[in-house]
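The values are calculated or read from the model by the stated rules, or taken from the named source; none is laboratory data. Fair warning: this is a prediction, and the values are worked out from it, not measured in the lab. We place every Cβ from the backbone using ideal geometry, glycine too, and count neighbours over all the protein chains shown.
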Amino acid sequence: MPRIIRSFVHDVRATMIGDEISLPHEESHHLSKVLRLEPEASMEVLNGMGDRFQVQCLEVNSKSIRIRIDSIERCPLVLPLIRVAVSLIKGKKWDDLIRPLTELGAHRITPLITDRTEVRYDPLKFKSKMLKWNRNAMEACKQSGNPWLPKLDEPISFSNFLSENQEKERRFLASLSSSVSCFTGEDQASDHLALLIGPEGGWSGKEEALAEKMGVEGFSLGSNVLRVETAAVSALTVAKASFLP
């Protein structure tokens with residue numbers, strides 16, 4: 001299978017085959033210097049909004065690559081849309097978690113502040129982190145070919161999360177105390193699902209009681225204690241296998 005070269009450009013909104021545009025400097029430098037792209041080469045461009053462009057390179061240099069759009073594929077969202085809400089974990093672990101969740105097609109990723117979350121949330125410091133998370137998600141889209149960039153939320157407390165969108169989302173809370181063995185084929189999914197993944201120390205009793213009171217459904221990923229990042233990726237994988245057509 002030939003190598004597929006992809007680029008990600010947020011503001012590509014060309015709607016006509018034959019349109020010519022220039023890629024931004026950062027993408028142009030990577031494509032020309034690292035991937036050694038040459039004129040007349042074919043590649044794919046994603047914009048994170050469901051559009052997949054097949055393009056041909058017209059001019060190539062490290063500052064700007066000019067391309068022509070040869071075809072456009074509009075990729076519809078696949079229901080149900082799955083939101084992964086995960087207890088915030090330290091540093092690089094969270095940065096790295098963005099990638100597989102994006103590759104697997106998470107529609108939305110929400111960091112949770114729980115009773116046992118070890119990370120201190122400072123809104124000012126998290127602005128720069130959000131930029132890094134978005135870059136990681138864009139890189140994951142390029143690697144996987146996912147045409148939809150997930151929405152990345154700012155951290156929110158567990159109680160506030162439960163209070164929002166109660167009627168819109170069907171919610172599942174991963175818990176070692178749940179007697180439900182993950183998802184079953186009999187589950188009738190809504191168009192919006194949310195998977196809640198707790199911290200290393202697990203949910204507090206107060207949180208589990210609140211979730212049950214708010215109608216959140218419990219599920220289990222087995223009897224073993226998983227790392228947060230392992231649980232998040234596993235839950236999304238199983239949910240997609242269970243609910244997607």
Please go through the stretch 187-217 and give me each residue that is surrounded by fewer than 19 Cβ atoms within 10 Å (Cβ to Cβ) and not in a loop (DSSP other than H, G, I, E, B), ordered by number. 192, 205, 206, 208, 209, 210, 212, 213, 217
Any pair with Cβ under 9 angstrom, 6 or more apart, that starts in the stretch 21-34 at a residue that is at negative phi and part of a strand (DSSP E or B) and ends at one that is surrounded by fewer than 17 Cβ atoms within 10 Å (Cβ to Cβ) and of a type outside the set (D, E, K, R): 22/64; 23/64
Out of curiosity, is residue 120 out of contact with any His (no Cβ under 7 Å at 6 or more places or on another chain) and outside any helix (DSSP H, G or I)? yes
Given the criterion of a type outside the set (Asp, Glu) and closer than 14 Å to residue 197 by Cβ, identify the matching residue among 89, 72. 89
Just one listed residue, out of 11, 51, 70, 19, is under 17 Å from the mean Cα position of the chain (by Cα), farther than 30 Å from residue 171 by Cβ and not assigned by TED's automatic domain parsing to the domain that holds residue 228, and it is 51
Near pairs, Cβ below 8 angstrom, 6+ apart or cross-chain, from the stretch 192-218 (aromatic (Phe, Trp, Tyr)) to any residue that is crowded, with 18+ Cβ neighbours inside 10 Å: 203/114; 203/173; 203/175; 203/211
Do we find that residue 82 is within 30 Å of residue 121 (Cα to Cα) and surrounded by 14 or more Cβ atoms within 10 Å (Cβ to Cβ) in this structure? yes
All positions within the stretch 41-72 that are touching a residue at least 40 places away in the same chain (Cβ under 8 Å), outside any loop (DSSP other than H, G, I, E, B) and either aliphatic (A, V, I, L, M) or within 30 Å of residue 106 (Cα to Cα) (or both): 44, 46, 49, 51, 52, 53, 65, 67, 69, 70, 71, 72
